[in-house]
Amino acid sequence: MSSVHEVLQKNEGAILSGWLAEMAASTRRSDLMGDTELRQQAAELLRLFAHAARNSSDTTSEAFSATREYLREIAKSRLDQGFTPSETAMFILSLKQPVFNSMRDELESDPTQLVAEIWTVGNALDKLAIQTVDSAVEFRDQVIVRQQQEMLELSTPVVKLWDGVLALPLIGTLDSARTQVVMESLLSAIVETNSQIAIIDITGVPTVDTLVAQHLIKTITAARLMGAECYLSGIRPAIAQTIVHLGIDLADIQTKAKLADAFGLALSRLGKSIVTAKPATNITSKPKDA
Amino acid sequence: MVLKSDVHPIKSADDVVRVRQVARQWAAELKFSLVDQTKLVTATSELARNTLEHGKGGTMRVEQVENGPRRGVRLTFEDNGPGIPNIERALQDGYTTGGGLGLGLSGSKRLVNEFEIKSEAGRGTTVTIIRWK
Ligand SMILES: Nc1ncnc2c1ncn2[C@@H]1O[C@H](COP(=O)(O)OP(=O)(O)O)[C@@H](O)[C@H]1O
Ligand SMILES: [Mg+2]
């Protein structure tokens, strides 16, 4: 790709302004990126590409490693800025036209070589664009995984088990600022539904450390101040032992191993009791004409 | 003897969750019981959060160690933060300078088999724990 490299170096300025003009006419997203940054990115990529093209036309080769690395950075930063992967690909592909223009001017006298070189450089830019799309997709997948984790942490609905009884089944890690949100939503649900009893179930919480315990204690104390009783359920044996070793004092808090037990306690507090209905067999075995 | 080791950054609340998962994986690899895993993971959570919040961030080194027939997980939490001026006091149940429960250091100590803390004012803090299988 030696002559490509010469053409690129000799016409760097013209190619760069041609490229920027090309983007301005089609794929420019000035809402997402300012002119200065775009010009810097384009100039740096063109410089790296020209440099790499001196030694190789294979975009997977060592010569292109700096170019590939830079394109990964671009894929990442553009994703953060809100570009789609195809918009990022277009950024690279729109370099073709100004490069082809310069090559046409330089290699006018030798059409065979011109075609060969255009094919080579076009091919290289296509491959780089594809690699960049791959990187962008990879980064986007990482974002999705992170968001899924965050949603899991957020998915803690307050459910009404019975008139006057709420439950908050907590799921996931509890040590972020979100805990605050979850606990506040329980307190406001207590007010809204005028509930007397709230059950916080921690079956789905993998780790109960002093910070989680502190949040729980604060919430339970606040619920009491609002006139509601609060039970803690879902304390697995391993967690119970750990809490004891940590020295956390839950003696003031009504705890139950299972949510069902806590619910039973809540019902009896409300003066309800669970009775077994008359066995169903008595009804079905009854002769029709009895 | 150290059989293998790895280092993880503790720079954000997400990292605290991550190093907890690391501790769980290394404990599970040695077939720790669920209770022992939970103890190690909980101590990790406490010490990693101290590294982040009191120590202004740092690292956790995780090692699989061997002592005769025993194997265990050694965790070293290191930061270059303000240090702990009075370690004895910091190790008292309920002592906190930050509005926590003040049970992180003392509680972690009870959750593991070996516990060592080194700190120098203005230089930083290193806490090393081992939980044996
Ligand atoms: N890595 C550290 N760097 C500086 N100070 C620390 C560090 N770890 C613990 N401390 C000090 O020791 C005290 C007790 O820690 P801990 O028992 O975990 O309680 P808490 O974190 O709830 O305050 C902290 O309040 C803090 O002053
Ligand atoms: Mg602490």
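The values are calculated or read from the model by the stated rules, or taken from the named source; none is laboratory data. Predicted model, so just to flag it, every value in this text is computed and none were measured. Cβ coordinates were reconstructed from backbone atoms using ideal geometry, including for glycine residues, and neighbour counts include every protein chain displayed.
Give A:Glu117, A:Glu73 a once-over and let me know the one that is among the acidic types (Asp, Glu) and surrounded by 20 or more Cβ atoms within 10 Å (Cβ to Cβ).
Residue meeting the stated conditions: A:Glu117.
What single numbered condition from (1) within 11 Å of chain B (Cβ to nearest Cβ); (2) part of a helix (DSSP H, G or I); (3) within 19 Å of A:Lys258 (Cβ to Cβ); (4) modelled with pLDDT under 95 fails to hold for A:Ile243?
The failed condition is (4).
Any idea which of (1) of a type outside the set (Phe, Trp, Tyr); (2) surrounded by fewer than 21 Cβ atoms within 10 Å (Cβ to Cβ); (3) within 11 Å of ligand 2 (Cβ to nearest atom) is the one B:Lys118 doesn't satisfy?
(3)
Do we find that A:Leu250 is in contact with a strand residue (DSSP E or B) (Cβ under 8 Å, 6 or more places away or on another chain), under 21 Å from B:Leu111 (Cβ atoms) and in contact (Cβ under 8 Å) with a residue 12 or more places away in the chain in this structure?
yes
Could you list, in sequence order, the residues of region A:106-137 that are in a helix (DSSP H, G or I) and free of Cβ contacts under 8 Å to residues at least 24 places away in the same chain?
Across region A:106-137, the qualifying residues are A:Pro111, A:Thr112, A:Leu114, A:Val115, A:Ala116, A:Ile118, A:Trp119, A:Asp134.
Please indicate, with yes or no, whether at least one residue in region B:10-31 is part of a strand (DSSP E or B), more than 10 Å from chain A (Cβ to nearest Cβ) and within 18 Å of A:Leu211 (Cα to Cα).
yes
Check A:Thr219 against each of (1) within 16 Å of ligand 1 (Cβ to nearest atom); (2) of a type in the set (Ser, Thr, Tyr); (3) part of a helix (DSSP H, G or I) and name the one condition it does not meet.
Just one mismatch for A:Thr219, condition (1).
Output the residue which, of all residues in region A:151-179 that are assigned to a helix (DSSP H, G or I) and loosely packed, with under 14 Cβ neighbours inside 10 Å, is modelled with the lowest pLDDT.
Across region A:151-179, the extreme among qualifying residues is A:Leu152.
Given B:Arg24, B:Arg18, B:Arg89, which one is in contact with a strand residue (DSSP E or B) (Cβ under 8 Å, 6 or more places away or on another chain) and without any contact (Cβ under 8 Å) to a residue 24 or more places away in the chain?
Criteria check complete, one pass: B:Arg18.
Would you pick out the residues in region B:43-69 that are more than 18 Å from B:Ser12 (Cβ to Cβ) and either within 16 Å of ligand 2 (Cβ to nearest atom) or free of Cβ contacts under 8 Å to residues at least 40 places away in the same chain (or both)?
The answer is B:Ala43, B:Gly68, B:Pro69.
Might you let me know whether region A:267-279 holds any residue that is crowded, with 21+ Cβ neighbours inside 10 Å and either at pLDDT 90 or above or within 19 Å of A:Val158 (Cβ to Cβ) (or both)?
The answer is no, given that none of the residues of region A:267-279 is crowded, with 21+ Cβ neighbours inside 10 Å and either at pLDDT 90 or above or within 19 Å of A:Val158 (Cβ to Cβ) (or both).
With the requirement that a residue be in contact (Cβ under 8 Å) with a residue 12 or more places away in the chain and within 16 Å of ligand 1 (Cβ to nearest atom), what does region A:178-216 give you?
A:Thr179, A:Thr207, A:Val208, A:Asp209, A:Thr210, A:Leu211, A:Val212, A:Ala213, A:His215, A:Leu216
Yes or no: region A:234-246 includes at least one residue that is within 12 Å of A:Ala198 (Cα to Cα) and either assigned by TED's automatic domain parsing to the domain that holds A:Ile202 or touching an Asp or Glu at 6+ places or on another chain (Cβ under 9 Å) (or both).
No: zero hits.
Considering region B:32-45 alone, what residues qualify as being assigned to a helix (DSSP H, G or I) and not basic (Lys, Arg)?
B:Leu34, B:Val35, B:Asp36, B:Gln37, B:Thr38, B:Leu40, B:Val41, B:Thr42, B:Ala43, B:Thr44, B:Ser45
Name every residue in region B:94-113 that is within 8 Å of ligand 1 (Cβ to nearest atom) and either aliphatic (A, V, I, L, M) or surrounded by fewer than 18 Cβ atoms within 10 Å (Cβ to Cβ) (or both), in order of residue number.
Scanning region B:94-113 gives B:Tyr95, B:Thr96, B:Thr97, B:Gly98, B:Gly99, B:Leu101, B:Leu103, B:Leu105.
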